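What follows is one structure encoded as structure tokens, with my remarks underneath.
Only the coordinates and a few stated rules stand behind these numbers; no lab work does. Computed from a prediction, not measured in an experiment: that's the story for all the values here. With ideal geometry, Cβ positions are generated from the backbone for all residues, glycine too; neighbour counts draw on all protein chains shown.
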Amino acid sequence: MTKINQCVISCSRLSKFYEQGSTKLAILSDVNLRVEMGERVAIVGTSGSGKTTLLNLLGGLDLPSSGIVTVAGKNLNEINESDRGYLRNKYLGFVFQFHHLLGEFTALENVAIPLLISGDDTREAEANSELMLKRVGLLNRISHKPSELSGGERQRVAIARALVNDPQCVLLDEPTGNLDKHTAAEIQELLTDLNDSLQTSFIMVTHDESLANTMNRKLTLE
């Protein structure tokens with residue numbers, strides 16, 4: 001898939017609130033963001049500032065109360081859930097604090113899932129997944145299940161899964177939050193290398209200041 005040499009994901013006047021009886025609980029208010037191809041953007045802020053909510057809105061996992069989110073030139077508010085799912089599969093990748101790997105599947109099978117969902121041939125999907133696992137340093141672990149992998153290895157599998165479909169942008173929610181300092185530094189270095197080589201944009205929510213400081217931009221939600 002050819003990446004567009006321009007804005008890959010943006011939001012304009014984005015707000016999210018919840019109704020609790022007669023009370024309106026505002027989570028986000030009037031947020032504007034534009035991310036270009038190949039950029040690494042960190043989103044930081046105190047707990048409860050709405051960082052994960054913003055990431056979910058940018059990824060089309062939730063819809064805003066008002067405002068616009070655009071992915072690959074498409075306004076997520078103006079398309080149905082099926083089309084949003086298609087956009088997520090083709091243009092976005094996701095890495096969460098908890099790896100969310102399927103325990104009964106091998107590393108190779110977990111990484112191949114997005115390709116199989118998009119209709120790729122099984123043999124081709126597995127070949128491409130093997131190449132991506134090689135890129136994240138896990139070629140010798142492709143037949144292992146999550147229970148047989150370390151925490152850092154599981155997160156590498158999750159990163160490979162997020163990148164295997166050649167997305168324009170990967171959304172990462174505390175990708176090193178459950179890792180020890182040494183392993184977190186290894187994941188930090190891996191993400192930087194992958195960004196440099198693949199030119200995939202990263203939008204990352206993190207409490208890790210050292211990780212945030214490696215990004216091209218650090219934005220604070222208040």
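Below is a table of values for the structure above.
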| quantity | calculated |
| --- | --- |
| Scaled radius of gyration (Cα, divided by 2.2 N^0.38 Å) that region 150-192 gives | 1.12 |
| Total charge dipole magnitude, the chain, about the Cα centre, Cβ charges on Lys, Arg, Asp, Glu only, Debye to nearest 20 | 360 debye |
| For region 132-150 versus region 29-80, the gap between their alpha-carbon centres in whole angstrom | 31 Å |
| Distance (nanometres) between label positions extended 7 Å along Cα→Cβ at Phe98 and Ala72 | 2.9 nm |
| Gain upon complete extension [Ser197, Thr220; 0.36 nm per residue less C-alpha separation] | 5.6 nm |
| Size of charge dipole - region 20-117 - debye, nearest 20, with Cβ of Lys, Arg +1 and Asp, Glu -1, no other charges | 200 debye |
| Relative packing of peptides 157-163, 11-17 - highest average C-beta neighbours within 10 Å first | 157-163, 11-17 |
| Note, ³J(HN,Hα) from phi for region 161-172, Karplus 6.51, -1.76, 1.60, rounded to Hz, x at Gly and Pro | 4, 5, 9, 5, 8, 6, x, 6, 8, 10, 9, 10 |
| Calculated FRET value between Lys145 and His207, using beta carbons and R₀ = 25 Å, to 0.05 | 0.25 |
| Among Phe105, Gly151, Ser197 - extreme Cα towards positive end, dipole of region 87-222, charges at beta-carbon | Ser197 |
| R0 of 35 Å, Cβ-Cβ distance Thr122-Ser29: FRET efficiency to nearest 0.05 | 0.15 |
| Spin-label pair Ile79/Met37, simplified geometry with 7 Å Cα→Cβ offset, distance in nm | 1.8 nm |
| Local net charge near Lys145, Cβ-Cβ under 12 Å (Lys/Arg +1, Asp/Glu -1) | -2 |
| Rg and Dmax of region 155-222, Cα atoms only, in Å | 11.5, 34 |
| Highest average packing first - 206-212, 116-122, Cβ atoms within 10 Å | 206-212, 116-122 |
| Restricting region 49-108 to chymotrypsin sites (Phe, Trp or Tyr not before Pro) in coil, as DSSP defines it, with at most 13 other Cβ within 10 Å | Phe98 |
| Option label - volume of the Cα convex hull per residue in Å³ computed here, alternatives [x] 131; [y] 265; [z] 159 | [x] |
| The chain - mean residue ellipticity at 222 nm from DSSP helices (-39,500 (n - 2.57) per run, n ≥ 4, rounded to 500) | -11000 deg cm²/dmol |
